[in-house]
Amino acid sequence: MVGYIDKIKEISERLLKEGTVEMVIGFQKGTLPMMNTPCFAKTPEDVGNFVWDSHCGINLANYLTDRKEKIGVIAKGCDSRSIVTHITENKIKREQIFVIGAPCKGMMDRHKIASLFETEIRSVAENDGKLIVTAGDGEKTLEKADLLQKNCAVCAHRNPVIHDELAADPVEDQKDVDRYADVREIETMPPAEKWDYFDDLFSACIRCYACRNACPLCYCPTCFVDESQPQWVGKSTDPIDTKTFHFLRAYHCAGRCTDCGSCERACPMGINMRMLTKKLEKDCIDAFGWEPGLDLNQRPPLDTYKMDDPEDFIK
Amino acid sequence: MGIEPGRLHFSWISSAEATKFVDVVTQVTDAVRALGPHENFVKHMPKVA
């Protein structure tokens, strides 16, 4: 995957030189290891800052909302599906974007890697399916396959669903991944046990809203948690307020979430809030046969009406 | 997310269906009353010394 960068740079430089786009959104090295940050290249020279490795987990569709100019954007499978969602929801026009597709074999779980070391990680290099991680207490060579982000390990759409040019040949999709084993486990719990599970899951939340900010779907000009007239939910870290925030945010993503894992990746506390969005994703598949962001011409399930909609729950 | 199944009800009722509305509301309130008070999703104000 490291090899993509030359092609990415070449395409981006060409687009900017020819004036096809006014800006290309990619990744640059972050100030900390494993934390690549978005890079907005506006001149061919800026493209020199671009990097591509296994730490480009951020979903770049997040930076396209309501943009007016022509933009080139580098998109993994999940990013491309979020871009499709953006187009369907009229947040940007297809003609405005040039998608540089980056077939993806999964990004690294920074929380998991950090947990393997006692001290702070100083540098991470990668080579041929291995990560060489240097921390204060020594150096370790790790298998990339063991350290995939949880959503990447069960990813079923690794290749971009829309693209104007690919940075590399498509990769083989993972077959026979069981995406919902953990969701099914929770579904079988009795209500009280479920409550305790979510109580525990969100107990560490500090309400920093990093999950919301990293989410390409959370583009409301004013989020319900930030409104004060009326104040829908308390702003403290009271467990009920925290859960209200997480439950409602997840519902706002129903039928839209592509499981890009940005929320979980952004969380400083390592909370697995994908357990909520995944459940809704599974329900959408079960009830409507719907997977978001796969087709530009399909309307989302929540704004279509079908005579054969399952309505067993309505009396 | 830990709410008992009998606590949440959905129904289509037209504004013209007054009797259906009464029936459904009665059923819902009876069903919920039978489950007893819901203690979980309730915010308690912090106790001030």
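Coordinate-derived values only; no laboratory data. Everything quoted here is computed from the prediction, not taken from an experiment. Here the Cβ is made from the backbone with ideal geometry for all residues, glycine too, and neighbour counts use every protein chain on show.
Points worth noting:
- Placing +1 on the Cβ of every Lys and Arg and -1 on the Cβ of every Asp and Glu, with no other charges, gives the stretch A:178-303 a dipole of roughly 340 debye about its Cα centre.
- FRET efficiency estimate (nearest 0.05) - Cβ-Cβ, residue A:313 to residue A:181, R0 22 angstrom: 0.35
- Positive-pole candidate from A:188, A:272, A:230, dipole of the stretch A:178-303, charges at beta carbon: A:230
- The calculated 222 nm mean residue ellipticity attributable to helices in the protein assembly as shown amounts to -9000 deg cm²/dmol, summing -39500 (n - 2.57) over DSSP H runs of n ≥ 4 and dividing by all residues.
- Spatial offset of the stretch A:95-120 relative to chain B amounts to 43 Å, using the alpha carbon center of each.
- Dipole magnitude for the stretch A:56-149: about 540 debye, using +1 per Lys or Arg Cβ and -1 per Asp or Glu Cβ, origin at the Cα centre.
- Note: relative contact order over chain A, using C-alpha pairs below 8 Å and six or more positions apart, is 17 percent.
- Distance from the Cα centroid of the stretch A:273-315 to that of the stretch A:129-151 is 37 Å (rounded to whole angstrom).
- Reachable lysines, given that their alpha-carbon falls under 28 Å from the alpha-carbon of residue B:20 and they are not under 8 places away in the same chain: A:306, A:315
- For the pair residue A:49 and residue A:285, a Förster radius of 45 Å applied to the C-beta separation gives a FRET efficiency near 0.70, rounded to the nearest 0.05.
- Averaging the sequence gap over all C-alpha pairs within less than 8 Å and six or more residues apart, then dividing by the number of residues, gives the stretch A:178-303 a relative contact order of 28 percent.
- For chain A, the list of Cys residues with no other Cys C-beta under 4.7 Å reads A:39, A:56, A:104, A:152, A:155, A:205, A:208, A:220, A:223, A:267, A:284.
- Spatially proximal lysines relative to residue A:278 (Cα-Cα < 21 Å; intrachain offsets below 8 disregarded): A:76, A:105, A:112, A:150, A:175, A:194, A:243
- With Cα atoms defining each centre, the stretch A:208-252 and the stretch A:19-64 are spaced 27 Å apart in the structure.
- GluC sites (Glu not before Pro) within the stretch A:1-87: DSSP coil, no more than 10 neighbouring Cβ in 10 Å: A:69
- Net charge over other residues, Cβ less than 11 angstrom from the Cβ of residue A:235 (K, R count +1; D, E count -1): -3
- Of the trypsin sites (Lys or Arg not before Pro) in chain B, those whose Cβ has at most 11 other Cβ within 10 Å and which sit in DSSP loop: B:47
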